[in-house]
Amino acid sequence: MVAGLMFDCTPLVYALGILSAFGGGFIDAIAGGGGLVTMPALLISGVPPHMALGCNKVSACLGTCTALGNFARSGLVRWRVALAGVAFSLLGSSAGSQMALRLDPAILGKLLVALLPIAMCAVLLPPRGNRRASTRAASPFPQHGIRFLLPVTLVCLTIGFYDGFFGPGTGSFLILTFHWVLRMELMEASATAKVLNLASNLSSTLVFIYGGVVLWRLALPMAVACCLGNWLGSRMAIRIGSAAVRRFLTISLSLLLLTLVWQYFLAPLLH
């Protein structure tokens, strides 16, 4: 911890941290997955891993607040779903963290490499005709009762478990499951996912702050850049609509796929 606190932030470290926080925040506001931009940049610049995690979480937490504010003012957040799911998401995250202590996360990483191309194809495929759209509109997702609580509970527990057990791309998977399982439009799914992202980020941020591993002289300028990126990203998503979410989900899932292929297939061959 002492070595991390004495880390020398060179101009290159500041530049990479701020630029990656802006770019990651922009992507995260629309489709999740901003950490797939920020974390590699911090690690490449030489920031110790625990300090990189702390800086990333502080900036992501404040950035998510900015995006959520924009989405909330535009009336895109499904508050009933978000508030019903927060507790189950945190519960699932706790269970996933405990499971990660017992199982090898590499198994899940390799499984995701096989499944991600399917998810990307599903995102890229446009809705098939007006009949499907009208059918979907005629049978909206229920807003109360067991038909509401059961799917919300299962979705939030499952994605929360994934977040605690493995983590990368959690925001993107929240958007996809809200879209597929809870039948939300992509814009509503992205906006609603921000509430759960914020709860998860806030919990992690408090842990890092309490542990004294936040490099504040880097985290604060990154937070400003991340807030700006989230603000611009959320404004663009609101203006363009679901098409923006679909495009940036493809980018986010592609980054995740490349990261996992490198980490679990290519990197081991080099050792």
What helix-only [θ] at 222 nm does the chain give? Using -39500 (n - 2.57) per DSSP H run of at least 4, over all residues, to the nearest 500, the answer is -27000 deg cm²/dmol
Relative to the chain, whose Cα atoms define the longest principal axis, helix 216-240 and its Cα axis are tilted in degrees, nearest 10, by 20
Using the Kirkwood radius over Cα pairs of the chain, the Stokes-Einstein translational diffusion coefficient at 4 °C and 1.567 mPa s, in µm²/s and rounded to a whole number, is 68
Expressed per residue, the solvent accessible area of the chain in Å² (1.4 Å probe) is about 49
Measuring from the longest principal axis of the C-alpha atoms of the chain, the long axis of helix 105-124 (C-alpha) lies at a number of degrees, nearest 10, equal to 50
Within the set 148, 161, 71, GNM on the chain using Cα springs under 10 Å gives the largest fluctuation to 148
Highest mean packing first, using Cβ neighbours within 10 angstrom, the peptides 31-40, 15-24 sort as 31-40, 15-24
Once Lys and Arg are counted +1 and Asp and Glu -1 for all other residues with Cβ under 15 Å from that of residue 165, the total becomes 0
To the nearest 10 degrees, the tilt of helix 186-210 (Cα long axis) against the first principal axis of the alpha carbons of the chain is 30
Carbon and sulfur atoms account, in whole percent of the 1.4 Å probe accessible area of the chain, for 71
Residue 106 and residue 266 label points (each 7 Å along its Cα→Cβ direction) are spaced in nm at 1.8
Per GNM of the chain with C-alpha springs under 10 angstrom, the most fluctuating residue out of 150, 76, 255 is 150
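The values are calculated or read from the model by the stated rules, or taken from the named source; none is laboratory data. These numbers were taken from a predicted model, which means no experiment stands behind them. Positions of Cβ are backbone-derived with ideal geometry, glycine not excepted, and every protein chain shown enters the neighbour counts. These area figures cover heavy atoms from the full protein model, side chains too; ligands, DNA and RNA do not enter into them. Shrake-Rupley method; radii C 1.70, N 1.55, O 1.52, S 1.80 Å.
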